[in-house]
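Q: I have a structure here, written as structure tokens, and I will follow up with some questions on it.
No lab work stands behind these numbers, since they all come straight from the coordinates. Keep in mind the model is a prediction, meaning the values are calculated, not measured. Heads up, the Cβs are rebuilt from the backbone with ideal geometry, glycines too, and the neighbour counts pull from every protein chain shown.
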Ligand SMILES: [Zn+2]
């Protein structure tokens, strides 16, 4: 199935995502397709396969949450750049800031508050 080869990556040079996280969905879909092809399958088998297929997205979401995908997809709250586009992302409560935005902020503060703003803030 060609789609399976593409799933799990973000383009040819993109980061590899947690392909194994999709296995619950793959298994439940394959089971559903097998039951649909089985002329002897009864209503109970259809219902069970549908229940498993319906539960699969939550299992995938749990697996992705536990993987490093969050670090790969993390982005600066201010400029939106991804972690791979910057040297460092600094986490705060509910926000991330990149080194480039911090540098811009330092330049703005230097311009607006004069170059001694850090010392004055520390001693205040
Ligand atoms: Zn930024």
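Q: Hey, can you rank 104-117, 47-60 by average C-beta count inside 10 Å, highest first?
A: 47-60, 104-117
Q: Once fully extended, how much extra length lies between residue 73 and residue 20, figured as 0.36 nm per residue of separation less the alpha-carbon to alpha-carbon distance?
A: The span from residue 73 to residue 20 would gain 17.3 nm if fully extended.
Q: Using a ≥ b ≥ c from the Cα gyration tensor of segment 75-123 (square roots of the eigenvalues), is it rounded, prolate or oblate, where a/c under 1.5 gives rounded and otherwise the larger of a/b and b/c decides, a/b for prolate?
A: In terms of gyration-tensor shape, prolate.
Q: Compare the peptides 36-42, 26-32 by average per-residue count of other Cβ atoms within 10 angstrom and give them in order, highest first.
A: Highest mean packing first, the order is 26-32, 36-42.
Q: Another one. Sort 25, 78 so the one with the fewest other Cβ atoms within 10 Å of its own Cβ comes first.
A: 78, 25
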